[in-house]
Amino acid sequence: MLDSFLVDNGGFTNYGVEHGVCFVTCIFIICLVLYLAKYHWNDGQRRLYITLICSFGALTQLFKVFYKYQTGIFDPANDLPLHLCNILTLVMPFIMWYKHKTIWAMTFFWIMAGCAQSIFTPTLTESMPHYEALRYWAVHTVIILGALYGCYVYKYTISLMDALRSFIGINILAAILYPINMAFNANYMYLNAKPAGKTFYDLLGKWPDYILVLEIIIVVIFSLMLIPFNWKKIKSLSFIKNYK
């Protein structure tokens, strides 16, 4: 039993049965928590329970680092929690507990525009019940949940200024991680090469072209994400323009 949890099996296949089951489970958990928080939890429970749920995701990420370090197989090129989804998993419990709207708004763009596609095109090799598979799905479930929790439960909105902060922030983070990648021969945030397997990145061209394409895509997606949150303002501007 322990071997199946710890020993690599290389059994995961994108778009296979396991992928489908994990995807549906991820969506179900997100919807269930949002429903319970909206209609059954009081204010104190909303804050406490989402923090505990997000903390579970963070613990699965930290377990990977601890286990690999303790067993002598830790590789800084692959095992530091420096991919965007992993970073967000570690900070999400604090965002939820302190209800920091500005930081939530920055991460909302990153999660919904980037990290969310990881459940459609997983960069995963191990199948259940391997700890890496559990970690992968837990990480992506809690960060997507945290992003949606803010707007659905706490009624947070996003603005153009939030989008600008998010765009600047992601580029600053990339600038910090690039020399780390060079130092460890790593590929955190996929800045130095596309991820292995069939992913969204395959549509964007070769390195470094895909990074420039991603910048353009980010601007477009961020702009589109602003529309539903600012629809009333957009309609009022259209009305004024037509009136004139």
(message) Checking Q117 against (1) crowded, with 22+ Cβ neighbours inside 10 Å; (2) of a type outside the set (G, A, S); (3) at pLDDT below 95; (4) in a helix (DSSP H, G or I), only one condition comes out false. Which one?
(response) (1)
(request) Tell me which residues, restricted to the range 188-223, are part of a loop (DSSP other than H, G, I, E, B), free of Cβ contacts under 8 Å to residues at least 24 places away in the same chain and buried (at least 16 other Cβ atoms within 10 Å of the Cβ). (result) L191, N192, K194, L204
(request) For T157, work out the one condition from (1) touching a Phe, Trp or Tyr at 6+ places or on another chain (Cβ under 6 Å); (2) farther than 28 Å from N192 by Cβ; (3) part of a helix (DSSP H, G or I) it doesn't fulfil. (result) (3)
(message) What are the pairs with Cβ atoms under 8 angstrom where one residue, in the range 41-67, is under 16 Å from I95 (Cα atoms) and the other, located anywhere, is part of a helix (DSSP H, G or I) and polar (S, T, N, Q)? Sequence gap at least six, or different chains.
(response) C54/T89; G57/T89; G57/T141; A58/T89
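Scan the helices (runs of 4 or more DSSP H) fully inside the range 1-111 and keep the ones with 3 or more residues being of a type in the set (D, E, K, R) and out of contact with any helix residue (DSSP H, G or I) (no Cβ under 8 Å at 6 or more places or on another chain).
In the range 1-111, no matching helices (runs of 4 or more DSSP H) lie anywhere.
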(request) Give just the number: which of (1) small (G, A, S); (2) without any contact (Cβ under 8 Å) to a residue 40 or more places away in the chain; (3) more than 28 Å from K198 (Cα to Cα) does G16 not satisfy? (result) (3)
(request) Take the range 120-152 and flag every residue that is crowded, with 23+ Cβ neighbours inside 10 Å, over 26 Å from L204 (Cα atoms) and not small (G, A, S). (result) V142, L145, Y149
(message) Could you tell me how many of the residues in the range 86-104 are under 22 Å from Y49 (Cβ atoms) and either charged (D, E, K, R) or in contact (Cβ under 8 Å) with a residue 12 or more places away in the chain (or both)?
(response) 13
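With the structure loaded, tell me whether S166 is surrounded by fewer than 12 Cβ atoms within 10 Å (Cβ to Cβ), part of a helix (DSSP H, G or I), in contact (Cβ under 8 Å) with a residue 12 or more places away in the chain and not charged (D, E, K, R) or whether it fails that test.
Considered against the rule, which asks whether it is surrounded by fewer than 12 Cβ atoms within 10 Å (Cβ to Cβ), part of a helix (DSSP H, G or I), in contact (Cβ under 8 Å) with a residue 12 or more places away in the chain and not charged (D, E, K, R), S166 comes out as no.
The values are calculated or read from the model by the stated rules, or taken from the named source; none is laboratory data. The structure presented is a predicted model; accordingly, all values stated were derived computationally and were not measured. Glycine gets a Cβ as well: all are built from the backbone with ideal geometry, and neighbour counts include every protein chain shown.
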